[in-house]
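*Asks:* My questions will all concern the structure given below.
The values are calculated or read from the model by the stated rules, or taken from the named source; none is laboratory data. Keep in mind that what you see is a predicted model, and the values were worked out from it rather than measured. Please note: Cβ atoms are built from the backbone with ideal geometry, for glycine as well, and neighbour counts cover all protein chains shown. Side chains are part of the model used for accessible areas, which takes the heavy atoms of the whole protein and leaves out ligands, DNA and RNA. Shrake-Rupley method; radii C 1.70, N 1.55, O 1.52, S 1.80 Å.
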Amino acid sequence: MLKKLILLSAAACAVLCSCASDYSYENTYEEAYPAEYVEEGTEPETAPETVQITETSTENLQTYPLPDGVVPVTWQPSPSHLIIDTDESRELYARIKSGSYPTIEELTENNTILQIDELSMYYLSLYGNTFYTDTPERTKLREDIKNQFLSSGSARTDGGNITYDGELERNYQIELIVALPSSERTKISDTDSEEMKAFILDDIFIKQLIPEFQESHGCASDAVLYECSSIMDEAAGEFLDGDMKGINLVYPVMSKDLNDLTKNYIKPFEKAGYNVRIIFAEREENIAVSRCIAYELETGNIISSVLMFAYSSKLSELYEQLCLMYNSYGEPYCTTEPPTEEETTEEETEEENSEEEEENGEEENSEEENEENPEEGHHEEEQHEEEPPAENHEDEIQENTEENPEENQEENPEE
């Protein structure tokens, strides 16, 4: 199954990067997407022909072979209607949502991942790589998408719903959330954005404004990948040296290793004066991949399985490295990772039990003491009433300052 996944992702990348047809693909980030297409500000020497949506491409789509259980998505994906609507995929989805996460071996043997990749190929054959759609109309569309994206505010809870029109503060704080796309990552972004009054720099908001992504109900995510990244780079630049510099940020990212994270995210924002903090939504590989698959099934936002496995295998190692490092403000990069739902439930149960035991113990001790010394409680109350009032330490500090002004000046020469 894993070999099939790699071969299929290779085919997808061949469509996405047609001029690299002689490239050998393996299960790594660089080989899944050639470096010349990833490095910022570079393009391949020979660019493929401009891809545009035409009737011919639609005909090609109709003849593209799809396996059993995979059909074009003509509905809005949801937990009740997944993009792969088979018994196997529904069973996998239900298992993940229940918190019973499959192992990596079980995941690679499940047909659902292969079917998701097939669906992604289906839309790649229709739209091609939208990054190379080079028309005046498309250029204007990209500028409009960027401006609309940057007009958002922080997350704000409104009657149980999340809106993105909250207040933004300029405190030079940024939180990088290292994680694969998932509903859990989204929850962390929304919660922390509202708390920090921070802009969420998440490419999903850009994808949702691209026509092909809308038409495919999210399943053309790979087709718009590079175009989205290009718009995202321009938007991020506004926070590095543009009018939005210094505004607090929550930035969900995927990173293959420490060098990539440092070069593309940490250093640019530290150079711009930001206090960089990093959290991990999940470090266990099988849990991260499972949640990502569930997210794909319920939203249609597909990520190549090759990239998904490549990124997830580095999470634990990356976390351990960052725990030993400090940012430009002298603070540790990594904060305590958010506890899982199971850990949170267990901790809350233990705290409740502990509090009940303490309360019961105090009540029993109090009853026993009252039975043995019925008058003792009364004496304690009298003694408490006779205690002198607490000393005012602020007055004492002020008096010491007035008595010894020379000593204070020596200790605090700046003052």
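*Asks:* Anything in segment 241-267 that is assigned to a helix (DSSP H, G or I) and within 21 Å of residue 204 (Cβ to Cβ)? List them, or say none.
*Replies:* Correct list: 260, 261, 264, 265.
*Asks:* Can you give me the number of residues within segment 304-317 that are in contact with a Ser or Thr (Cβ under 7 Å, 6 or more places away or on another chain) and either at pLDDT 90 or above or hydrophobic (A, V, I, L, M, F, W, C) (or both)?
*Replies:* 3
*Asks:* Turning to a different aspect of this structure: Can you tell me which residue within segment 117-132, out of those that are in contact with a helix residue (DSSP H, G or I) (Cβ under 8 Å, 6 or more places away or on another chain) and of a type outside the set (Ser, Thr, Tyr), is surrounded by the most Cβ atoms within 10 Å (Cβ to Cβ)?
*Replies:* Of everything passing the filter in segment 117-132, 117 is surrounded by the most Cβ atoms within 10 Å (Cβ to Cβ).
*Asks:* Considering only residues that are among the basic types (Lys, Arg) and not in a helix (DSSP H, G or I), look in segment 279-315 and name the one that is farthest from residue 225 (Cα to Cα).
*Replies:* 283
*Asks:* Same structure, new question: For segment 95-107, name all the residues that are open to solvent by less than 20 Å² (accessible area, probe 1.4 Å) and either in a helix (DSSP H, G or I) or closer than 17 Å to residue 301 by Cβ (or both).
*Replies:* Matches in segment 95-107: 96, 107.
*Asks:* State which residue is farthest from the chain's Cα centre (by Cα) when the search covers only segment 67-94 and only residues that are outside any loop (DSSP other than H, G, I, E, B) and small (Gly, Ala, Ser).
*Replies:* 89
*Asks:* Ok, one more. Does residue 238 satisfy the condition of being open to solvent by 10 Å² or more (accessible area, probe 1.4 Å), closer than 26 Å to residue 89 by Cβ, assigned to a helix (DSSP H, G or I) and of a type in the set (Asp, Glu)?
*Replies:* Spelling it out, it is not the case that residue 238 is open to solvent by 10 Å² or more (accessible area, probe 1.4 Å), closer than 26 Å to residue 89 by Cβ, assigned to a helix (DSSP H, G or I) and of a type in the set (Asp, Glu).
*Asks:* Let me ask another. Just the residues that are open to solvent by 10 Å² or more (accessible area, probe 1.4 Å) and more than 30 Å from residue 72 (Cβ to Cβ), please, taken from segment 212-235.
*Replies:* 233, 234
*Asks:* What are the residue pairs meeting all of these: first residue in segment 207-235, first residue without any contact (Cβ under 8 Å) to a residue 40 or more places away in the chain, second residue open to solvent by less than 10 Å² (accessible area, probe 1.4 Å) and assigned to a loop (DSSP other than H, G, I, E, B), Cβ atoms under 6 Å, and 6 or more apart or on different chains?
*Replies:* 213/220; 213/224
*Asks:* Assuming residue 298 fulfils every condition listed in (1) buried (at least 22 other Cβ atoms within 10 Å of the Cβ); (2) in contact with a Leu (Cβ under 9 Å, 6 or more places away or on another chain) apart from one, which condition is it?
*Replies:* (1)
*Asks:* If the Cβ limit is 7 Å and pairs must be 6+ apart or interchain, which residue in segment 294-309 that is on the phi > 0 side of the Ramachandran plot pairs with which residue that is of a type in the set (Val, Ile, Thr)?
*Replies:* 300/73; 300/83
*Asks:* Also: Looking only at segment 133-170, how many residues end up being open to solvent by less than 70 Å² (accessible area, probe 1.4 Å), among the hydroxyl-bearing types (Ser, Thr, Tyr) and over 21 Å from the mean Cα position of the chain (by Cα)?
*Replies:* Looking only at that region, the number is 2.
*Asks:* Mind checking whether some residue in segment 93-108 is touching a helix residue (DSSP H, G or I) at 6+ places or on another chain (Cβ under 6 Å) and more than 27 Å from residue 189 (Cα to Cα)?
*Replies:* Yes: segment 93-108 contains one or more residues that are touching a helix residue (DSSP H, G or I) at 6+ places or on another chain (Cβ under 6 Å) and more than 27 Å from residue 189 (Cα to Cα).
*Asks:* So, one more: Within segment 240-253, work out how many residues are over 22 Å from residue 194 (Cα atoms) and among the aliphatic types (A, V, I, L, M).
*Replies:* 0
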